[in-house]
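In what follows, a single structure is set out as structure tokens and then discussed.
Each reported figure results from applying straightforward, stated rules to the coordinates on display, with no laboratory input. All values reported here derive from a predicted model rather than from experimental measurement. Backbone-built Cβ (ideal geometry, glycine too); neighbour counts: all protein chains shown.
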Amino acid sequence: MATRLKGKPVADALSAAIREEVDYLKPKGVQPALTLIRAGEKPDDMAYERAIIKRCESVGVKVNSEVVPESISQADFFNLLDTHNQDPAVHGILIFRPLPKHLKEEEVQYRIAPEKDVDGFHPVNAGKLLTGDPAAFAPCTPMAVMEILKHYEVALSGKRAVVLGRSMVVGKPVALLLLAENATVTIAHSRTQDLEKVTSEADLLVAAIGRSEFVTATHIKKGAVVADVGINVDDAGNLTGDVAAAAAEEMAEAYTPVPGGVGSVTTAVLAKQVIKACKLQLK
């Protein structure tokens with residue numbers, strides 16, 4: 001039976017380390033602070049917001065929530081964002097996405113201060129990630145994958161890793177993070193020829209394609225490690241990953257479950273990124 005790489009122990013370990021960082025900053029009169037900007041009342045955004053607030057409050061990171069109507073103008077949205085960009089007491093900013101269509105996302109991503117961009121939204125941080133700059137902020141979900149692999153001491157150097165998915169939110173950044181750990185990385189996607197052959201040669205398979213249980217036993221090398229980033233809902237209303245759980249159990253040496261895997265680590269990673277931003281801004 002495959003080992004489940006559960007996220008809770010990883011999140012708990014990260015939280016303990018964050019509390020130590022917060023205690024270190026207290027005598028300096030600094031409390032790390034995060035601003036959340038949410039447009040509208042989408043249930044998924046609101047659930048994530050609650051999870052962020054709960055995590056951050058538990059580790060001593062202050063959270064400011066800015067909730068605006070979906071109809072907010074671009075100018076008003078920018079004014080709000082600029083206020084937090086310029087506030088020295090705010091160290092990190094997270095904007096819930098996707099934004100309403102009239103708020104041009106490509107313009108918003110350039111407006112957020114790169115040094116406060118704790119979810120790797122700004123192209124400056126994408127560039128820093130590409131060049132290996134330690135000051136880069138990668139998106140939180142790829143970082144959660146890396147924290148899980150690190151926590152469970154999954155060997156990466158020299159291993160063949162296949163990332164299934166090429167989004168700027170998960171696929172591309174996680175490929176760069178794996179490359180930085182000396183893995184040999186292939187990015188596969190919907191147009192990849194002989195997809196099963198490509199994925200079934202991977203020592204590590206990261207599934208981030210956004211399709212419920214797309215990855216089956218024929219995609220997985222026997223004894224591989226599988227990181228399932230997908231969060232989907234099947235026809236019966238059940239939460240599923242991009243990997244069929246039975247296939248992971250059958251073929252993998254270890255895998256991240258859904259729920260209880262990568263998604264349960266993202267809020268702790270976000271809090272860690274706020275600490276990083278705070279310390280960089282104090283230099």
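Judged by the mean number of other Cβ atoms found within 10 Å, the most tightly packed of the peptides 105-112, 57-64 leads the ranking 57-64, 105-112. Towards the positive end of the charge dipole of segment 140-264, with charges on Cβ (+1 Lys, Arg; -1 Asp, Glu), say which of 156, 219, 259 has the farthest Cα. Farthest towards the positive pole: 156. With just the Cα atoms defining each centre, how far is segment 210-235 from segment 58-126? Give it in Å. A separation of 32 Å, based on Cα centres.
The angle separating the long axis of helix 140-151 from the principal Cα axis of greatest extent in the chain is about 60 degrees.
Only counting other Cβ atoms within 10 Å, I'd like 1, 146, 251 sorted with the fewest neighbours first. It would help to have the intermediate numbers written out before the result.
Working: 1 5, 146 21, 251 24.
Result, fewest neighbours first: 1, 146, 251.
Residues 24, 255, 152, 48 in ascending order of nearby Cβ atoms (within 10 Å, fewest first): 24, 152, 48, 255. A full extension of the chain between residue 253 and residue 68 corresponds to an added length of 62.0 nm, given 0.36 nm per residue minus the alpha carbon distance.
Ordering 78, 137 from the fewest to the most neighbouring beta carbons within 10 Å gives 78, 137.
Against the chain, whose longest principal axis comes from its Cα atoms, helix 7-25 is set at around 30 degrees. Lysine pair count for segment 28-113 with Cα-Cα distance under 25 Å and sequence separation of 8 or more or different chains is 7.
So which residue, out of 246, 33, 183, gets the largest mean-square fluctuation from a GNM of the chain using Cα contacts under 10 Å as springs? The residue that fluctuates most here is 246. Helix 43-59 and the longest principal axis of the Cα set of the chain meet at an angle near 70°. Peptides 166-173, 67-74, 269-276 ranked from most to least packed by the mean count of surrounding Cβ atoms within 10 Å: 269-276, 166-173, 67-74.
Rounded, prolate or oblate: pick one for segment 140-264, where a ≥ b ≥ c are the square roots of the eigenvalues of its C-alpha gyration tensor, a/c under 1.5 means rounded, and failing that, prolate if a/b is larger than b/c, else oblate.
Numbers: a/c = 1.34, a/b = 1.22, b/c = 1.10.
Rounded shape, in that the Cα axes give a/c under 1.5.
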